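Some notes on the structure that comes next.
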Amino acid sequence: MKILNTLTKKKEEFVSQEKNLVKFYQCGPTVYWNQHIGNMRSVVLADFFVRVFYYLDYEVLFVRNYTDVGHLSGDNDGDADSGEDRMEKAAKKENKSPQEIANFHIEKYEEDLEKLNTIFPSETPKATDFIKEQIEMIEKLLEKGFAYKTSLAIYFDVQKFENYYELSKQKKEKNLKGLGSGKILDKEKKNPEDFSLWFFKTGDHKNDLQFWPSPFENPLVENGNGSPGWHLECSAMALKILGKTLDIKMGGIEHIPTHHTNEIAQSESANEKKYVNYWLHNEHLLVDGKKMSKSSGTSYLIEDIEKKNFSPYDLRLFFAQSHYRSKQNFTWQALESSAKARGKIISKIQKFEEEKEEGEISENYKNKFIEKISDDFNIPEALAIFFEVLDSDLKNSDKKATLLDFNRVLGIFEKKEIKKKEDLKIPKQVEELLNQREEAKKEKDFQKSDELRDKILKLGFLVKDTENGQELAQK
């Protein structure tokens, strides 16, 4: 198994700290809003990686957090220490508490992840449940001289950490260029690039809805009240759950220059151990060749996928077609192609079901498949091997056994989808709607055809148009 480590920019042999055990942490969502399909791509990619490790006989301790405090809106402009807390901004807009906002969006997020057939993490910690651990880490950093206190906040002093730019490969002078041109929030801050560990409930944070008492004395606030900085939470939660050193840390490429760079600095300074052995960073999902945005209406959700009568499994297959380090361009036409490809897969495997003979997994194809997934998680090339098997000269029973085995990694269909058609109990109402839809298609009444497909979906069945006609599967 080889992984391209963002820290070294080299493809390295993967060696876990403990034999056959992977400690894997993925940066999770800030749960102030619904997660769009770009967010979902990163989750599915992580799911592929977890499945690869399981396939290769590793155990995986997989952690993905929920950020429900501390992530400020200034992060959009490259300054994660400025702006309004995203959770509180959403809470004020919805006239709810930050916790109500978090709980609602966590529930919706997990429903979507289930639809995408992802394996749920071993732990899903929330930042607000680990305030004690975050305070303890700040105390260590203060004691060791890596942090300092002002009237407004506690900061990490990046000049005290020698290899601060090792992950991002940025030069200090270039990174500082342009800093200080905006609003100066804290005149007591030593260096422009120093980052917050704790915001006291004063100044711009005087009216914060979320705050906790702390041992950090400040004459301007009662009980040291305040809230943790965004970068701190993952370091504290990872330490508590997985220990001082992680095998793998994963996030989007946007986390490299600041968020993950800061995590390394504070974790290694506090714990005196290497924080992460292998860094993985996934590229972004584009829509029609452009960045997704709410204003342009392209921040699609899973429910938008379903409204157009696609299965989330179609989206999962689409995600499998691009390497995690490559940008991927979403279009509805591309999703349609994935849906048709899945229809072909299901249709063929349904025919293989007719074989009474117990099949055997092809060792030749399995070795090829393992070679691909072991090469920096090359899922697109592993998928190509899957389709090679589908169209191969292997016996149908062996094809089925091999494809089911590969699907342990790909997860692009459910067993209930590949039942023989005669095994599906199709209600009479669904049969009638299917017949009406076939007539609508013949008459090229596509609006009626779509309406009928929606009705069939509400009755618990997915209908796909394939080269062999309408194909039906249980939702």
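The values are calculated or read from the model by the stated rules, or taken from the named source; none is laboratory data. Everything numeric in this text was worked out from a predicted model, so none of it was measured. Cβ placement follows ideal geometry from the backbone for every residue including glycine, while neighbour counts extend to all protein chains displayed. Protein only, heavy atoms only, side chains kept; ligands, DNA and RNA dropped before computing areas. Shrake-Rupley method; radii C 1.70, N 1.55, O 1.52, S 1.80 Å.
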Residues within the stretch 361-420 that are in a loop (DSSP other than H, G, I, E, B), open to solvent by less than 20 Å² (accessible area, probe 1.4 Å) and farther than 26 Å from residue 328 by Cβ, tallied: 2
Search result, residues across the stretch 59-79 that are of a type outside the set (A, V, I, L, M) and either open to solvent by 40 Å² or more (accessible area, probe 1.4 Å) or farther than 30 Å from residue 19 by Cα (or both): 59, 67, 68, 70, 71, 73, 74, 75, 76, 77, 78, 79
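Open to solvent by less than 10 Å² (accessible area, probe 1.4 Å) and touching a helix residue (DSSP H, G or I) at 6+ places or on another chain (Cβ under 8 Å) - does that describe any residue in the stretch 92-100? Even if it seems obvious, please write down each step before you answer.
Taking the stretch 92-100 first, the residues open to solvent by less than 10 Å² (accessible area, probe 1.4 Å) are none.
No, there is no match, as no residue in the stretch 92-100 is open to solvent by less than 10 Å² (accessible area, probe 1.4 Å) and touching a helix residue (DSSP H, G or I) at 6+ places or on another chain (Cβ under 8 Å).
Which ranges mark the strands (runs of 3 or more DSSP E) fully within the stretch 191-287 that have 2 or more residues being closer than 30 Å to residue 14 by Cβ? Step through it out loud before you land on a result.
Working: elements: 195-200, 226-228, 246-252, 276-282, 285-287.
Once the strands (runs of 3 or more DSSP E) in the stretch 191-287 are filtered for at least 2 residues that are closer than 30 Å to residue 14 by Cβ, what remains is 246-252, 276-282, 285-287.
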Residue match in the stretch 123-135 (condition: open to solvent by 40 Å² or more (accessible area, probe 1.4 Å), hydroxyl-bearing (Ser, Thr, Tyr) and at pLDDT below 95): no
Contacts under 8 angstrom Cβ, first residue in the stretch 315-339 being more than 12 Å from residue 283 (Cα to Cα) and small (Gly, Ala, Ser), partner open to solvent by 30 Å² or more (accessible area, probe 1.4 Å) and part of a loop (DSSP other than H, G, I, E, B), 6 or more apart: 338/321
Conditions (1) of a type outside the set (D, E, K, R); (2) part of a helix (DSSP H, G or I); (3) surrounded by fewer than 22 Cβ atoms within 10 Å (Cβ to Cβ): number failed by residue 82: (2)
Residue list for the stretch 317-344, restricted to those being over 25 Å from the mean Cα position of the chain (by Cα) and either at pLDDT 95 or above or surrounded by fewer than 20 Cβ atoms within 10 Å (Cβ to Cβ) (or both): 340, 344
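Starting from residues that are crowded, with 21+ Cβ neighbours inside 10 Å and either outside any loop (DSSP other than H, G, I, E, B) or at pLDDT below 95 (or both), keep the ones in the stretch 291-309 and report whichever is nearest to the chain's Cα centre (by Cα).
Let us first name the residues in the stretch 291-309 that are crowded, with 21+ Cβ neighbours inside 10 Å, namely 300, 302, 305.
Narrowing further to those that are either outside any loop (DSSP other than H, G, I, E, B) or at pLDDT below 95 (or both): 302, 305.
Numbers: 302: 14, 305: 18 Å.
Filtering first and then ranking leaves 302.
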Filtered residue count, the stretch 30-42, keeping only those that are buried (at least 21 other Cβ atoms within 10 Å of the Cβ) and touching a helix residue (DSSP H, G or I) at 6+ places or on another chain (Cβ under 7 Å): 7
Qualifying residue in the stretch 93-114 (condition: within 19 Å of residue 130 (Cβ to Cβ) and without any contact (Cβ under 8 Å) to a residue 12 or more places away in the chain): yes
Cross-chain or 6+ apart pairs with Cβ under 8 Å, the stretch 355-371 first and in contact (Cβ under 8 Å) with a residue 12 or more places away in the chain, then open to solvent by 40 Å² or more (accessible area, probe 1.4 Å) and of a type in the set (Lys, Arg): 355/395; 355/400; 357/395; 359/395; 359/400
Qualifying position, being of a type outside the set (S, T, N, Q) and in contact with an Asp or Glu (Cβ under 8 Å, 6 or more places away or on another chain), among 472, 457: 457
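Is it true that some residue in the stretch 270-282 is open to solvent by 30 Å² or more (accessible area, probe 1.4 Å), among the polar types (S, T, N, Q), farther than 15 Å from residue 332 by Cβ and without any contact (Cβ under 8 Å) to a residue 24 or more places away in the chain?
Taking the stretch 270-282 and keeping what is open to solvent by 30 Å² or more (accessible area, probe 1.4 Å), we get 272-274, 277.
From the residues that got through so far, the ones that are among the polar types (S, T, N, Q) too are 277.
Cutting the leftovers down to farther than 15 Å from residue 332 by Cβ gives us 277.
Subsequent filtering for residues that are without any contact (Cβ under 8 Å) to a residue 24 or more places away in the chain retains none.
No, the conditions are met nowhere in the stretch 270-282.
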Any pair with Cβ under 6 angstrom, 6 or more apart, that starts in the stretch 285-310 at a residue that is at negative phi and ends at one that is open to solvent by 40 Å² or more (accessible area, probe 1.4 Å) and of a type in the set (S, T, N, Q): 286/329; 301/34
